[in-house]
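One structure below.
The values are calculated or read from the model by the stated rules, or taken from the named source; none is laboratory data. Please read all numbers here as calculations on a predicted model, not as lab measurements. Cβ placement follows ideal geometry from the backbone for every residue including glycine, while neighbour counts extend to all protein chains displayed. Side chains included, ligands, DNA and RNA excluded: accessible areas come from the protein's heavy atoms. Shrake-Rupley method; radii C 1.70, N 1.55, O 1.52, S 1.80 Å.
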Amino acid sequence: MAHEVNFDGLIGPTHNYAGLSRGNVASASNAGGASSPKQAALQGLAKMRFMAGLGLKQGVLPPQQRPDLGVLRRLGFTGDDQKILRDAEEADPTLLAAVWSASSMWAANAATVSPSADTADAKVHFTPANLASNFHRSLEPATTTRALRMIFADERRFTVHDPLPCQARYSDEGAANHMRFAPEHGKPGVELFVYGIDGHDPTITTRRFPTRQTRAACEAIARLHRLDPERVVFARQHPDAIDAGVFHNDVIATSNANVFLFHEQAFATPRSMITDVAGPLDCRPHPVEARGVDFSIREAVSSYIFNSQIVTMPDGSMTLVAPEEVREHKRVHAFVDRVIDDPSNPIARVEYIDVRESMRNGGGPACLRLRVVMTDEELAAVNRSVLFTDDLDRRLTAWIEKHYPDTLTLKDLTDPRLARNCLDALDELTGILGLPDLYPFQR
Ligand code: SUG
């Protein structure tokens with residue numbers, strides 16, 4: 001028996017809006033606004049509680065050490081915390097914001113995961129993403145790797161690789177650009193790797209916004225995970241989609257088991273891609289395609305409909321867990337209602353959830369989670385303290401209420417007391433999550 005376990009990134013106490021991600025429309029349009037770290041974290045926790053309440057398996061991934069003053073020291077800033085923070089802000093406010101970013105909340109970018117049913121050595125493989133495209137995100141992989149190795153520590157069952165070399169050629173953003181199709185979670189699947197640019201043919205590319213995932217990175221991960229080449233498909237995102245704000249594939253497509261929900265303008269060659277996926281798949285795929293006449297790519301980006309999670313419920317039916325924003329887009333909402341009402345696809349119901357604080361930085365429900373398909377034995381080998389229970393829920397709620405600021409603006413980021421309070425909070429958190437000495441400041 002295999003389950004999909006969703007590990008959501010716990011939203012850290014420094015969540016803010018700094019406009020750091022070019023090509024991410026929400027991040028750019030909310031830059032400089034006031035955030036609420038407390039609301040954000042409580043929304044994220046409410047989402048986990050909701051998913052667990054549906055009878056699904058849920059886990060938690062820790063936030064990162066932020067602010068990361070070690071990075072500022074590496075970049076030549078010296079003195080006490082107050083001086084380092086002030087000097088960095090004077091030198092480059094975006095650098096200061098980067099070392100405070102709570103961006104690791106978007107766990108879909110933590111790693112690419114292949115379940116044991118797909119790998120030659122029958123282990124679950126993880127490759128932490130190098131996140132080479134954006135400076136603030138490139139600060140995540142070291143701690144992410146360490147956290148994954150602490151959580152999936154049983155080397156007989158799990159392999160956590162090193163991130164790929166952190167350079168443009170191997171730019172990798174993790175599971176946000178990876179989909180898996182299978183008759184059911186535990187059966188061998190077909191893994192679809194989606195890239196923005198092919199290093200071998202860089203002439204076909206975007207005009208406006210950067211591409212984030214390279215084909216070379218996808219190929220390396222497929223090799224590392226020891227996937228059967230016959231059951232791997234590589235597909236290129238449509239450059240126009242990236243230019244319209246589709247910075248990750250999970251902004252325009254998603255999947256669960258044999259269901260594939262996507263927009264007709266998501267991929268460069270959608271027809272041949274579906275044929276390539278269907279070929280080796282041991283069941284019929286179920287494509288659910290949104291057409292341009294249903295709604296535009298722009299409406300997909302502003303509603304984040306494709307950043308929904310499609311989940312298999314304990315009774316075998318499927319539910320679409322969508323962001324609240326979908327309801328505010330008439331045409332997108334109508335499309336969702338049509339999908340639900342259509343008996344020919346397995347999606348039977350929709351649930352809307354509020355993750356607005358994350359959404360304002362371009363992170364919907366699916367961005368916040370890393371899917372890990374595991375057998376019962378594999379699940380039993382996971383560090384139990386990160387698995388979501390009522391008790392963990394209560395402890396995390398109390399911890400958030402105690403430590404998190406109600407609001408945060410960019411001018412707060414030079415405050416050394418806030419920096420200290422955040423580290424005190426994280427020190428307590430590693431006790432709650434059973435991840436001793438996770439953070440550099442604890443070692
Ligand atoms: O990498 N936003 C993230 C959002 C990631 C969403 N993840 C997925 N689609 N899977 C990003 O662009 C914004 C930070 C800021 O501007 O303050 C940011 O990093």
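Of note:
- Within region 395-411, restricting attention to residues that are over 18 Å from ALA46 (Cβ atoms), touching a residue at least 24 places away in the same chain (Cβ under 8 Å) and not hydroxyl-bearing (Ser, Thr, Tyr), the residue that is most open to solvent (accessible area, probe 1.4 Å) is LEU410.
- Taking strands (runs of 3 or more DSSP E) as the structural unit, those lying wholly within region 299-371 and holding at least 2 residues that are touching a Phe, Trp or Tyr at 6+ places or on another chain (Cβ under 9 Å) and at negative phi correspond to 318-323, 347-353.
- Enumeration of residues in region 221-272 that are under 21 Å from SER296 (Cβ atoms), open to solvent by less than 50 Å² (accessible area, probe 1.4 Å), of a type outside the set (Asp, Glu) and touching a Lys or Arg at 6+ places or on another chain (Cβ under 9 Å): ARG236, PRO239, ILE242, ALA244, GLY245, PHE247, HIS248, HIS263, PHE267, ALA268
- Whichever residue in region 154-167 is away from the ligand (no atom under 16 Å from the Cβ) and in contact with a strand residue (DSSP E or B) (Cβ under 9 Å, 6 or more places away or on another chain) and, among such residues, is most open to solvent (accessible area, probe 1.4 Å): ASP162
- Of all residues in region 401-443, those satisfying the criterion of being assigned to a helix (DSSP H, G or I), among the aliphatic types (A, V, I, L, M) and touching a Pro at 6+ places or on another chain (Cβ under 8 Å) are LEU410, LEU413, LEU418, ALA419, ALA425, LEU426, LEU429.
- Residue under evaluation LEU20, criteria (1) assigned to a helix (DSSP H, G or I); (2) within 12 Å of the ligand (Cβ to nearest atom), criterion not met: (1)
- Condition met for PHE50 (within 30 Å of LYS187 (Cα to Cα) and either part of a helix (DSSP H, G or I) or within 13 Å of the ligand (Cβ to nearest atom) (or both)): yes
- Pick from region 126-153, criterion farther than 30 Å from ALA241 by Cα and of a type outside the set (A, V, I, L, M), ranking: nearest to the ligand (Cβ to nearest atom): THR143
- Failed item in (1) more than 15 Å from the ligand (Cβ to nearest atom); (2) of a type outside the set (Val, Ile, Thr); (3) modelled with pLDDT of 95 or more, with MET1 passing the rest: (3)
- Some residue of region 213-220 being open to solvent by 10 Å² or more (accessible area, probe 1.4 Å), touching a helix residue (DSSP H, G or I) at 6+ places or on another chain (Cβ under 9 Å), free of Cβ contacts under 8 Å to residues at least 40 places away in the same chain and more than 16 Å from the ligand (Cβ to nearest atom): no
- Residue, farthest from the ligand (Cβ to nearest atom), within region 57-108, restricted to residues that are of a type in the set (Val, Ile, Thr) and within 17 Å of LEU423 (Cα to Cα): ILE84
- From ALA122, ALA110, ALA142, residue being open to solvent by 10 Å² or more (accessible area, probe 1.4 Å), at pLDDT 95 or above and on the phi > 0 side of the Ramachandran plot: ALA122
- Checking each residue in region 372-387 for being open to solvent by less than 10 Å² (accessible area, probe 1.4 Å), under 25 Å from VAL190 (Cβ atoms) and assigned to a helix (DSSP H, G or I) picks out no residue at all.
- Looking across region 422-443 at every residue that is crowded, with 16+ Cβ neighbours inside 10 Å and of a type outside the set (A, V, I, L, M), the one that is farthest from ASP68 (Cα to Cα) is identified as THR430.
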